[in-house]
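Enquirer: First, the structure itself, so that you have it in front of you.
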Amino acid sequence: MKSMSLAAIFLCILIPSFETKQFMPNGCYCFCPPYQNLSAMTFWKKEFQDDCNCLYTMEPMPVPRHEAEAYCLLCDCKFVERNNPATKIILIVLLSVFGAVLLLKVFSVVVKYFIHKPDAYTKPLHNEEVSEDPHT
């Protein structure tokens, strides 16, 4: 279990060092209320924080181009960044629990084998050639 936990911690420390900004799981989330004959819409696009606005996020634009700016003023756009440390902690805990259960299962199989190990020097109680069925 210790080796599995150490491996999980090592991977969680090593993986973020290889990430670059373009691979971060971030995005722009826009909620637009009803407008004229359109119902409320939600848009999400993988964008950088600087580009998080209605004009970049909504593709295809649900309104004609000349109404796009008026429509975008009604929209609420926010940059969303996922919580990577919390995800890593949850992953470490789950892997540790899984490792502990696996280790316990292996230990119980080994102990059961040594407790119920057949002894080569004892004779079986029943003769296998003689049938116990009285009808035969």
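Enquirer: Give me a comma-separated list of calculated 3J(HN,Hα) values for the range 74-91, in order, Karplus coefficients 6.51, -1.76, 1.60 applied at θ = phi - 60°, integers in Hz, x for any Gly or Pro.
Expert: Per-residue couplings from phi come out as 7, 7, 10, 10, 9, 8, 10, 10, 6, 8, 5, x, 5, 4, 5, 5, 4, 4 Hz.
Enquirer: When the solvent-accessible surface of protein heavy atoms is calculated with a 1.4 angstrom probe, in what order do Cys30, Cys77 fall, highest first?
Expert: The most accessible residue leads, giving Cys77, Cys30.
Enquirer: A further question follows. Could you give each residue of the range 94-104 its phi-based ³J(HN,Hα) in whole Hz, using Karplus coefficients 6.51, -1.76, 1.60 with θ = phi - 60°, and x for Gly or Pro?
Expert: Residue by residue, the range 94-104 yields 5, 5, 5, 5, 4, x, 5, 5, 5, 5, 5 Hz.
Enquirer: Leaving ligands, DNA and RNA out of it, rank Thr87, Thr57 by accessible area with a 1.4 Å probe, largest first.
Expert: Thr87, Thr57
Enquirer: Here is a follow-up. Please list 3J(HN,Hα) in residue order for the range 30-39, calculated via the Karplus relation 6.51 cos²θ - 1.76 cosθ + 1.60 where θ = phi - 60°; whole Hz, with x for glycine and proline.
Expert: Whole-Hz 3J(HN,Hα) from phi for the range 30-39: 10, 10, 10, x, x, 9, 6, 9, 9, 7.
Enquirer: Could you put Leu73, Leu55 in order of accessible surface area, largest first, with the 1.4 Å probe and the full protein assembly present?
Expert: Highest to lowest solvent-accessible surface, that is Leu73, Leu55.
The values are calculated or read from the model by the stated rules, or taken from the named source; none is laboratory data. From a predicted model like this one, the values you see are computed outputs, not experimental measurements. These area figures cover heavy atoms from the full protein model, side chains too; ligands, DNA and RNA do not enter into them. Shrake-Rupley method; radii C 1.70, N 1.55, O 1.52, S 1.80 Å.
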